Every structure is written in C-alpha cells, then in structure tokens.
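Report on the following structure.
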Amino acid sequence: SNIAVYDEYDIVEGETPEIVSEKVYGSPEYHWAIMIANLRFDYVNDWLLPYDRLVDYCKDKYGENSLTEIHHYEDENGNWVMPNAVGALQVTNFDHEQAINESKRKIKIVRYRYILCSQTTRTESKIL
C-alpha cells in the first residue's frame, strides 16, 4: 500500500462505514471507498462489531454457556501451540473472537483528494 494515498484510522465502537465517512470526508456517501480500501465487502462480518453484538455473535456460534471454554492455546507471541507446550496460555472462545474483532479496528482511509479524483474520472467517463 502507498502511504501517500492512505491515512490510518481507528474505528470507535458503534461507528459504521457511513459514520466514519461523515467524520473523515464530511459526507456518508463515501462509505464505499472505506470498504474497498480495506478489502471489506460485508458490513456484518468484515466490520468491527460493538461489544454487545460480539457477545451475541459468540453465543450464537459457540452456545450460550461455551464462551469461556478453551478454543486453543498460544505462546507469548500469539502463535498457536499444543496444550502441553511450555508457557502455553489458554484462549477461550470469546477471547479468540474478540481478538479477531479487534483486528478489524485499524483501517486505511483514502485521502480525500484521491476520492475527488475518482469521482471526476467517473463523471468524465459518463460524459464521453
């Protein structure tokens, strides 16, 4: 990725692509640029879930009483290891899903001038 084209942004819990677009570009209509720049195409599975929706998702996936069951074990670097490995740490079903969800928090934001360039090009191609 070209650092001159993107800025980084941390999604605040509860923000949708439209809210981020409004905050960054002054209009919700550029939500598509945020999704595409981050290779996210599904508003439910590819976007940061608010905590309460994450809990509901985990309950649906693993069962109401299975959130604290062991999903896997990791070493201090986050690598999956066997349960008997020295220093192996338990990761619960909920911890696992929360880590996946948190990995969606930091996104790339296309700089506004490049959004304007894409809009101008699209308008010009309609005229031709």
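The values are calculated or read from the model by the stated rules, or taken from the named source; none is laboratory data. What you see is a predicted model; the values in this text were computed from it and never measured. As a convention, Cβ positions derive from the backbone with ideal geometry for all residues, glycine included, and neighbour counts pool all protein chains shown. The accessibility values were calculated without ligands, DNA or RNA, using every heavy atom of the protein model including side chains. Shrake-Rupley method; radii C 1.70, N 1.55, O 1.52, S 1.80 Å.
Odds and ends about this structure:
- Geometric extent, Cα atoms of the chain - Rg, Dmax (angstrom): 19.3, 67
- Around the Cα centre of the chain, unit charges on the Cβ atoms of Lys, Arg, Asp and Glu (plus for the first two, minus for the last two) sum to a dipole of about 760 debye.
- Taking other residues whose beta carbon is less than 15 angstrom from the beta carbon of N84, and scoring Lys, Arg as +1 and Asp, Glu as -1, yields -2.
- Crossing angle, helix 93-102 versus the chain [Cα axis fit, 0-90 degrees, rounded to tens]: 20
- Farthest toward the positive end of the dipole of the chain, out of L39, Y114, L67, is the Cα of Y114, where the dipole comes from beta carbon charges about the Cα centre.
- Entry comment: accessible area of the chain is 66 Å² per residue, from protein heavy atoms only and a probe of 1.4 Å.
- Backbone HN-Hα couplings from phi across the stretch 61-67 [Karplus 6.51/-1.76/1.60, Hz, Gly and Pro as x]: 6, 10, x, 3, 9, 10, 5
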